[in-house]
Amino acid sequence: MTQPPYIGRFAPTPSGYLHFGSLVAALASYLDARSAGGRWLLRMEDLDPPREIPGAQAEILRSLEAYGFAWDGPVIRQSERHEAYAQVVERLLAQGLAYACTCSRKQLEAYGGIYPGTCRNALHPTRDAAIRIRVPQLEYRFVDRVQGEFLQHLGREVGDFVIRRRDGLFAYQLAVVLDDAWQGITDVVRGADLLDSTPRQLYLQELLGLPQPRYLHVPLIVQADGSKLGKSYRSPALPADQASRQLCRALRALGQQPPVALQAATPRAVLDWGCAHWQAEAIPRCRSLLESQLP
Ligand code: GLU
Ligand code: ZN
């Protein structure tokens, strides 16, 4: 059987600007795709308008361009995909695989993290309710290309999870699975903070009869206090005037060994070097790296 052609993607959330940690993820997915002769797609994960920073989308695209990245095809926006998400939610509800949950914030807090399935058989109306997916009492397993074997028991460690929020916004877990399939993604390369989301995504793929991509989770870049760059922690945007230097730093964080002189080359030349010398096996096999201790 012939292998399907490689299709990779980078999927930033515009709740912040690109920072060094997102550069590491973007670079890994780009190099892994291009060195395999694959396509590299860009998807804006703008599912949550209240958390979006005005101007962040344009700034993310500007940073990627300044750093020499070129993506294939138009940028896909999740904000334009609501119809597709809504159809799947309806289907899962009709099949009894998902259900409406009307638990209050207070109740949810009292459950302490793992939703115990309180509303499973309540048949609440779906308006003004969160929609949750029933998870099986099963352990999900996959082998990550960098992190190795990963196991998670969906029932015990995750519980029935939300696919549409009470305010009507669609959840990341649902959108990412539908879009990866719709875009024909064969390889997901992203930060290790999403390792423990992967079993939920595998389960949704299984329920919906979607193909399962390969996964590669790169170490998350963290600050000395353990907080990750970006998101809750408002990191500054990547400096536009140090693209080659930052790209070389990101290459080293990924275990690659760019020559020192490459810092003086153009960003495109750094990417070309990275592509020609890419060794996914050299990526550090850990969940996180301290930014201050990077080579
Ligand atoms: N949008 C997610 C993020 O910025 C990435 C999702 C993914 O790569 O699956 O963390
Ligand atoms: Zn409930």
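What follows draws every value from the coordinates through simple rules; no lab data is involved. Everything numeric in this text was worked out from a predicted model, so none of it was measured. Cβ atoms come from the backbone with ideal geometry, glycine included; neighbour counts cover every protein chain shown.
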* Would you calculate the volume per residue, in Å³, of the smallest convex hull containing every Cα atom of the chain? => 141
* Structure fact -> Karplus ³J(HN,Hα) for segment 148-153 (6.51 cos²θ - 1.76 cosθ + 1.60, θ = phi - 60°; Hz, whole; x = Gly/Pro) runs x, 5, 10, 10, 8, 8
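I need the peptides 22-34, 152-164 ranked by packing, meaning the mean over residues of other C-beta atoms within 10 angstrom, with the highest value on top. It would help to have the intermediate numbers written out before the result.
Numbers: 22-34: 25.4, 152-164: 18.6.
Descending mean neighbour count gives 22-34, 152-164.
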* Structure fact -> Going from the fewest other Cβ atoms within 10 Å to the most, one would list H19, H277 as H277, H19
* Asked: Can you pull the percent of Cα pairs in segment 174-295 with separation above 18 Å?
  -> 62
* To do: Quick one, could you list the DSSP H helices from the chain stretching 20 Å or more along their long axis (Cα atoms) with average Kyte-Doolittle hydropathy of -0.5 or above?
  => 20-35
* Residue-by-residue Karplus 3J(HN,Hα) for segment 126-140, coefficients 6.51, -1.76, 1.60, Hz, glycine and proline x -> 7, 5, 6, 10, 6, 10, 10, 9, 6, 10, x, 7, 9, 8, 9
